[in-house]
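As structure tokens, the structure follows; a few thoughts come after it.
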Amino acid sequence: MQLDERKYKILQAIIRNYLETGEPVGSRTISKYTDLNLSSATIRNEMADLEELGYILQPHTSAGRIPSDQGYRLYVDKMMEEKEREVEELRENLLEKEDKMDHLLKQAAKMLAANTEYAAMVSAPQYHRNKLKFIQLSRVDINQILAVIVVEGNVIKNTMLTVEKELSDETLLKLNILLNTHLNGLSLDEINLGMISAMKQQAGIHSEIVADVIDAVAEAIKADEDLEIYTSGTKNFFKYPELSDHERASELITTFEEKQLLSELVQGNLADENNTGIQVYIGNETPVQGMKDCSIVTATYELDEGMKGTIGIIGPKRMDYEKVVKNLKLLKHQLDDLYRK
């Protein structure tokens, strides 16, 4: 039988209260626990219906009720539907934002190269100091559970965990509550040994699962996909005699095409949390080995809190620095405005 909203809210309140206290739940407790504004008598009638339908049990002659396996199953199924819908919405929004960002950054690199007549690069934004948004554990089969981990920036990580024996719905719910209560909103730096020890102690015989989930959380927070770098204007190298001889031009173009060294430059810039201004590297100051005959001017842009990327212009040491810096500052503001539209 499909439960109406009122009955399901009462069942939900019974389950959550029982998970927290381990004690049978009475109508007076439910009246304080929900926003239904129902009298104890009405709640007792609804609880009697839930008991008749097999969703709750009365373990002894007291007025308190506890969830049945059938009640747990309904609660878990509905919770999983909600979480799966939420994760799917996150995925869709992320894909839409990534498509928009991909087009935006390609155009930004082209515009920068055209406006300055030098080579230009723009790195895709990455999240730094990510915080955990939520964890959802669900049973896949007798010996496997799926951990869905969502971190700041709506990055989703799925990890399969092996368990020695099947976990009950009640155990999974308790582990979900334990993990989310302690870890939600924390960065990796804020998850300390004392906290982990306390969680493992509360998890009891399931402490190994807690340890595995924390390892998966650490991996999800630290994991960065391959850094995407958009480049444009390599032909501009040939406009400057000091860069246009065959050997120098070939080395510069190879560096631009392979992008590995550019990636190291970007990661170096982003690693410095205080670096949000303009950085100028001249000749041997340049951190990119193949560009010692050039100057590189970079700026770090930030779209959302923790979401950063690098804009860079590469040209001869006699570049028009004033023009380059002006263009970089302008693009920083344009990226911010366009991204938020």
Notebook entry, point to check: All but one of (1) modelled with pLDDT of 85 or more; (2) out of contact with any Leu (no Cβ under 6 Å at 6 or more places or on another chain); (3) under 29 Å from SER263 (Cα atoms); (4) assigned to a strand (DSSP E or B) hold for TYR230; which doesn't?
Noted result: (2)
Margin query: So, in the stretch 297-326, exactly how many residues are within 30 Å of GLU152 (Cβ to Cβ) and either touching a Gly at 6+ places or on another chain (Cβ under 6 Å) or part of a helix (DSSP H, G or I) (or both)?
Written below: 2
Next item on the list: Considering only the stretch 13-59, state which residues are closer than 20 Å to ASP77 by Cα and touching a Phe, Trp or Tyr at 6+ places or on another chain (Cβ under 8 Å).
Entry: ALA13, ILE15, ARG16, ASN17
Notebook entry, point to check: Looking at the stretch 170-199, which of its residues are under 24 Å from ILE142 (Cβ atoms), in contact with a strand residue (DSSP E or B) (Cβ under 8 Å, 6 or more places away or on another chain) and either without any contact (Cβ under 8 Å) to a residue 40 or more places away in the chain or not aliphatic (A, V, I, L, M) (or both)?
Noted result: GLU170, LEU175, ASN176
Notebook entry, point to check: Quick one: how many residues across the stretch 300-317 are under 30 Å from GLU247 (Cβ atoms) and crowded, with 22+ Cβ neighbours inside 10 Å?
Noted result: 6
Next item on the list: Quick one: which residue in GLN267, GLN202 is assigned to a helix (DSSP H, G or I), assigned by TED's automatic domain parsing to the domain that holds THR298 and out of contact with any strand residue (DSSP E or B) (no Cβ under 8 Å at 6 or more places or on another chain)?
Entry: GLN267
Check: Out of GLU247, GLU225, which single residue is closer than 26 Å to TYR118 by Cβ, modelled with pLDDT under 85 and either of a type in the set (D, E, K, R) or in the same structural domain as TYR18 (by TED's automatic domain parsing) (or both)?
Finding: GLU247
Check: For the stretch 253-273, does any single residue satisfy the condition of being buried (at least 16 other Cβ atoms within 10 Å of the Cβ), more than 16 Å from SER123 (Cβ to Cβ) and either at pLDDT 80 or above or more than 37 Å from the chain's Cα centre (by Cα) (or both)?
Finding: yes
Next item on the list: List the number of the failed condition for ASN180; all other conditions in (1) polar (S, T, N, Q); (2) more than 30 Å from MET319 (Cα to Cα); (3) more than 25 Å from the chain's Cα centre (by Cα) hold.
Entry: (3)
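The values are calculated or read from the model by the stated rules, or taken from the named source; none is laboratory data. Predicted model, so just to flag it, every value in this text is computed and none were measured. Positions of Cβ are backbone-derived with ideal geometry, glycine not excepted, and every protein chain shown enters the neighbour counts.
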